[in-house]
Amino acid sequence: MLSKIHTGVLSRPLITNIQYQLRLSVPSSPLLRQRAYRTRTFSAQTILRSQETQSKADSTHKFIYHAAASFSAKYKRFNPTNDVFHFNPYNRIQTQKKRHKSKRPASGQDAFFISRVGDTNAVAFGIADGVGGWEDSGVDPADFSHSFCDYMASEAYEHRSDATGSSLTARSLMQKGYDDVCQDGSIHAGGSTASIGIASEDGKLEVANLGDSGFVHLRLNAVHSYSEPQTHAFNTPYQLSIVPASMLARAAAFGGAQLCDYPKDADVTQHTLKHGDILVFASDGVWDNLFNQDILRIVSRLMIGLGAWQESDGGILVSNNLLPYTQAEDSTQRPLTLQSALAVEIAGAAKLASMNQRVDGPFAKEVQKYYPQENWHGGKVDDICVIVVVVSEDGKSEAIKSKL
């Protein structure tokens with residue numbers, strides 16, 4: 001299997017044949033079916049009238065972000081019940097800055113974080129994919145990626161605007177996380193890609209993307225925007241790195257070099273969000289196996305099937321009230337929400353595609369383009385990690401309540 005590398009050398013070890021079967025029960029959940037039924041009782045005319053009423057009201061409503069993550073380590077069975085993280089903005093971030101290895105999610109070399117920004121309703125989140133090529137040097141790539149995310153989560157949670165009122169940016173958060181990893185005496189080497197987003201209370205999203213993790217922004221049954229991967233060469237993404245001096249000297253002696261990019265090299269983009277938008281941030285374990293249109297089909301099927309997006313003669317409309325979908329009602333059981341259902345569906349689809357040797361995914365298409373002699377077909381087995389954010393505008397639900 002071709003894996004991300006830091007030396008520029010391509011290899012393809014034997015693909016392990018894994019027997020895997022995924023049965024997702026989320027879409028058929030009685031709770032979500034009940035929620036969808038309640039929302040579908042509002043007709044398109046009712047929604048349009050509500051939107052018209054809302055447009056005349058105060059337009060200073062703030063945005064709320066409902067987030068969840070799902071993940072699966074390479075060569076491990078995907079468990080849709082356990083391999084999911086439900087974000088609660090009021091949970092405290094641990095004070096020790098970094099988790100012990102035993103406390104990390106079972107996401108392999110992929111890592112993620114979701115955190116409230118200071119005392120605001122802004123949310124910071126991101127994906128980091130440890131560069132697997134470091135294993136050849138006896139380094140566990142997960143140490144870099146997971147510590148990197150832990151440091152960024154802590155920084156975002158503890159952030160307070162300075163005297164000038166400047167806010168946290170996606171690139172500055174990436175820089176702070178990278179600086180903390182470099183100063184961590186327990187991490188001597190390693191590297192990671194990064195895709196970091198900060199969504200503010202006024203509906204603005206800033207993304208800093210470095211490498212081949214990335215995101216897609218969906219709106220009303222369409223791909224609204226997406227990131228382009230940054231690569232030095234095929235399968236050699238931009239990457240933040242810690243490279244020991246001895247390794248640099250050895251590489252220089254043989255006329256080579258070690259890749260090391262920096263947060264300043266990240267692509268930074270700005271986006272305006274709307275009520276009902278869906279953000280999907282993921283590692284290349286998703287993007288190597290699913291096209292953007294595959295992601296859109298999965299999201300649209302679930303959103304329309306449950307009623308969060310509603311079909312009408314004028315096209316797709318967003319339900320004014322997303323709270324019945326995004327908030328868990330029964331705290332005595334594992335929470336089941338729209339965002340967690342979407343994350344699990346996408347992660348499960350990527351897992352299945354990664355082991356399907358009959359259908360060529362994005363990675364297979366790229367190998368066939370650049371290395372036709374490889375005769376590569378099917379998916380690419382890898383760690384998988386995905387964050388889903390459902391965008392909700394505060395005040396939309398109040399408008400619908402006033403109609404009841």
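Here are a few things to note about the model shown:
- Selected residue (only one of Val117, Val123 is more than 22 Å from Gly190 (Cβ to Cβ), crowded, with 24+ Cβ neighbours inside 10 Å and in contact with a Gly (Cβ under 9 Å, 6 or more places away or on another chain)): Val123
- Val207 vs. criteria under 20 Å from Tyr151 (Cβ atoms) and in contact with a His (Cβ under 8 Å, 6 or more places away or on another chain): yes
- Single condition Leu240 does not satisfy, out of (1) over 30 Å from Ala122 (Cα atoms); (2) at pLDDT 95 or above: (1)
- Within the range 76-116, the residues that satisfy the criterion of being among the aliphatic types (A, V, I, L, M) and modelled with pLDDT of 95 or more are Val84, Ala111, Ile114.
- If you go through the range 243-268 and keep only what is of a type in the set (Lys, Arg) and at pLDDT below 95, you end up with just Arg250.
- Some residue of the range 350-360 being modelled with pLDDT of 95 or more, touching a helix residue (DSSP H, G or I) at 6+ places or on another chain (Cβ under 9 Å), over 24 Å from Phe215 (Cβ atoms) and of a type outside the set (Ser, Thr, Tyr): no
- Selection status of Ala163, part of a helix (DSSP H, G or I) and modelled with pLDDT under 95: no
- Phe144 vs. criteria within 16 Å of Gly177 (Cα to Cα) and out of contact with any helix residue (DSSP H, G or I) (no Cβ under 8 Å at 6 or more places or on another chain): no
- Filtered residues of the range 113-136 (kept if in a loop (DSSP other than H, G, I, E, B) and touching a Leu at 6+ places or on another chain (Cβ under 9 Å)): Val117, Gly118, Ala122, Val131
- Tabulated pairs, the range 96-112, first closer than 23 Å to Asp284 by Cα and buried (at least 18 other Cβ atoms within 10 Å of the Cβ), second modelled with pLDDT under 85 and among the hydroxyl-bearing types (Ser, Thr, Tyr), C-beta under 8 angstrom, 6+ apart or interchain: none
- From Leu323, Leu302, residue being over 23 Å from Gly126 (Cα atoms) and either acidic (Asp, Glu) or at pLDDT below 95 (or both): Leu323
- Condition met for Tyr157 (out of contact with any Cys (no Cβ under 8 Å at 6 or more places or on another chain), hydroxyl-bearing (Ser, Thr, Tyr) and buried (at least 21 other Cβ atoms within 10 Å of the Cβ)): no
The values are calculated or read from the model by the stated rules, or taken from the named source; none is laboratory data. Model, not experiment: these values are computed from the prediction. Please note: Cβ atoms are built from the backbone with ideal geometry, for glycine as well, and neighbour counts cover all protein chains shown.
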